[in-house]
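Asker: One structure follows; several queries about it will come next.
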Amino acid sequence: MGLDFRQDVEPLIKEFFPSPGPGPKITIEAGEEEFTVMAELQGVEKVSERVVFTSANDSKIRHRDYRNQLLRALYRVLSKLTGQELPWGILTGVRPTKLLFERICRGEGKPLQFMEEKYYCSRPKAALAARIAAKEYQLLEAIDYKNGYSLYVGIPFCPSICNYCTFGSHPIGKFSDLVEPYIEALIREIKAVSDVSGKNTGPITEMVRNRKLETIYFGGGTPTSLEAEQLRRIIRCVKECFDLDHLSEFTVEAGRPDSITDEKLRMLKDEGVGRISINPQTFSDETLRIVGREHDSARIFEAFEMARKHGFDNINMDLIAGLTGETEEDFAHTLECVRKIDPECLTVHTLARKRAARITTQPELYEGYFSGGVQKMLQLADIYTKECGYEPYYMYRQKNMTDNLENVGYSKPGKECLYNILIMEEVQPILAVGAGASTKYVRDTQGRFGRIENCKSVREYVTRIDEMIDRKLSAYCT
């Protein structure tokens, strides 16, 4: 049993000590049958704990149990040292609901007890995770997800780059010379991996031939940064190359209101797109300016009204709690604006401070802009969604999230995004094309997944497109 749990230990320590600067001195003495965890902070008494390891004999279970017992001991030590408790306990991964979804699939109960005792989750977060996992299970059981796959198409261009973003997106004005070469490379990849030649072999080809395409998701970046006819070419290529007879959902992130036009919405509707996102993040004009968006709140209302005019009846809106300079009052104002618009879905994100984001790399640009009360903002969102008939249906977390919180997707009944659930719970292969896209495929008879990553840079993607295609067709990356 390997005893190197650094990748699990370090994120938990960072949850207790998120700010740069001297943190605690941590010592872990690990043996096969016991371990000791010690933590010391300058000016604070040392805290330590010794644990005798207990587990089943199965090597995989023993490894998981050792890790969890070690993390629980570290949590207790750090909690004593700091006087803090974390809402999600020892969980630092992206998919907290996955643990409960798998338990439901196995017919196991007591979700709150499981989350509280095994992972030290607070009762409210355990209850939220349990509610969402049950909803996900209900939705997925209604479709043939076990015999399906999904397609993700990445469009890595945006009108401008927000100060919190690290998605590998490129400002389209600066990279305009690469737009057409990118589209040509993307179409080449779509045609190659869809096996239009009928000559391919390997797990990706088997997936396309033997599984039903369940959902399509155009993301980014902002797909509607492209001109209407450019985006139409890509959509039509997908429709020509893949069997859409069993398609349950076709989503395109219109995303930025300043990228939306009447012509683009008409084209999306004509091409059979049923679900779009219009993502304001906030309705505060001052915040929009600070974070680097090139539109105002009036443009959000205009874009939404335009989408309704073209018959879109499943629209998602993204909000972010904790944007630069935002107050609880700003967030409450945003929710009231959403109430007037009444989208079918609302995704409430907690700001994650990514290392490569401008807000982190150039903090001097945002001196004096303080954002506080993020937990209260999420509470306001919870109250608002209950009042307006939304149900939480998927959730995920990220590294460096403000106050150790989460992102939650809410939906009106029957308007949930299946792709969001499928990718979060990792229960279906995802064929992903485009710069920065990550394909997930079944790589062995035990049903374990392998991954194939495309490079993030648009320029590299264009020049290395043959390599990107070869990776998929040979599926040698796991």
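Bear in mind that the values in this text are calculations on the coordinates, not laboratory data. Just so you know, these numbers come straight off a predicted model, no measurement behind them. Quick reminder, even Gly has a Cβ in these numbers, built from the backbone with ideal geometry, and neighbours come from all protein chains shown.
Asker: Relative to the first principal axis of the alpha-carbon coordinates of the chain, what is the inclination of helix 6-16, with its axis defined by its Cα atoms, in degrees from 0 to 90 and to the nearest 10?
Answerer: Roughly 90 degrees, rounded to the nearest 10.
Asker: Contour minus end-to-end for residue 147 and residue 391, with contour as 0.36 nm per residue of separation and end-to-end as the Cα-Cα distance?
Answerer: 85.1 nm
Asker: Moving on. Antiparallel versus total DSSP beta bridges in region 275-402: what percent is that, nearest 5?
Answerer: 10 percent
Asker: Restricting to lysine pairs 8 or more places apart or on different chains, what number in region 1-84 have Cα atoms under 21 Å apart?
Answerer: 6
Asker: Quick one: length gained pulling residue 138 to residue 94 fully straight, 0.36 nm per residue minus the C-alpha distance?
Answerer: Taking 0.36 nm per residue and subtracting the Cα distance, the gain is 13.7 nm.
Asker: Fewest Cβ neighbours within 10 Å first, please rank 345, 105, 121, 337 accordingly. Present the calculation step by step, with values, prior to reporting the outcome.
Answerer: On the way: 345 21, 105 14, 121 25, 337 17.
Final ranking by Cβ density, sparse to dense: 105, 337, 345, 121.
Asker: Separate question: Can you tell me what share of the DSSP beta bridges in the chain is antiparallel? A percent to the nearest 5 is fine.
Answerer: The antiparallel proportion sits near 45 percent.
Asker: Continuing with the same structure: Quote the FRET efficiency, to the nearest 0.05, computed for residue 426 versus residue 228 with a Förster distance R0 of 22 Å and r equal to the Cβ-Cβ distance. Walk me through the numbers before you get to the answer.
Answerer: Working: r = 34 Å, r/R0 = 1.56.
After rounding, the FRET efficiency stands at 0.05.
Asker: Still on this model: What number, in percent, do you get for the relative contact order of region 267-400 if the mean sequence gap of Cα pairs under 8 Å and at least 6 apart is divided by its residue count?
Answerer: This gives 26 percent for region 267-400.
Asker: Once you place label points 7 Å from the Cα toward the Cβ at residue 245 and residue 289, how far apart are they in nm?
Answerer: According to this spin-label approximation, the distance is 5.7 nm.
Asker: Counting pairs of Cα atoms in region 294-410, how many percent are more than 20 Å apart?
Answerer: Tail fraction, whole percent: 47.
Asker: While we're here: For region 170-312, please report how many Lys pairs fall under 15 Å Cα to Cα, leaving out neighbours fewer than 8 apart on the same chain.
Answerer: Details: 191/199; 191/239; 212/239; 239/269; 264/309; 269/309.
Here the count comes out as 6.
Asker: Per-residue ellipticity at 222 nm for the chain, helices alone: DSSP H runs ≥ 4 residues times -39500 (n - 2.57), over residue total, nearest 500 deg cm²/dmol?
Answerer: Helices in the chain give a 222 nm mean residue ellipticity of -12500 deg cm²/dmol.
Asker: Quick check: the angle from helix 465-474's long axis to the longest principal axis of the chain, C-alpha only, nearest 10 degrees?
Answerer: Between helix and principal axis, roughly 60 degrees.
Asker: Hey, another quick one. Arrange 317, 267 by Cβ neighbour counts within 10 Å, fewest through most, would you?
Answerer: On the way: 317 22, 267 19.
Sorted ascending by nearby Cβ count, the order is 267, 317.
Asker: Would you mind calculating the relative contact order of the chain from Cα pairs under 8 angstrom and at least 6 residues apart, reporting the percent as a whole number? Could the numbers behind the result be given before it?
Answerer: Numbers: 858 pairs, mean separation 77.5, N = 478.
Answer for the chain is 16 percent.
Asker: So if R0 is 41 Å, what FRET efficiency would residue 209 and residue 298 give, r being the distance between their Cβ atoms, rounded to the nearest 0.05?
Answerer: It comes to 0.25.
Asker: Rounded to the nearest 0.05, what FRET efficiency do residue 339 and residue 310 give with R0 = 25 Å and r taken as the Cβ-Cβ distance? Could you check?
Answerer: Details: r = 22 Å, r/R0 = 0.90.
Between residue 339 and residue 310 the formula returns 0.65.
Asker: Just flag the trypsin sites (Lys or Arg not before Pro) in region 91-198 sitting in loop per DSSP whose Cβ has no more than 14 other Cβ atoms within 10 Å.
Answerer: Here the trypsin sites (Lys or Arg not before Pro) that fit, given the DSSP loop and packing criteria, are 106, 174.
Asker: Okay, next question. Can you give me the C-alpha center-to-center distance between region 78-153 and region 253-299, rounded to a whole angstrom?
Answerer: About 31 Å separates the Cα centre of region 78-153 from the one of region 253-299.
Asker: Mind sorting out which of [x] 16, 28, 23, 17, 11, 5, 1, 0; [y] 22, 55, 22, 1; [z] 20, 49, 26, 4, 0 is the real P(r) over Cα pairs in 20 Å bins from 0, in percent computed from the coordinates?
Answerer: Identified label for the calculated read-out: [y].
Asker: Here's another thing I want to ask about it. List 291, 179, 94 from most exposed to least, where exposure is judged by having the fewest other Cβ atoms within 10 Å.
Answerer: Fewest to most other Cβ atoms nearby, the residues stand as 94, 179, 291.
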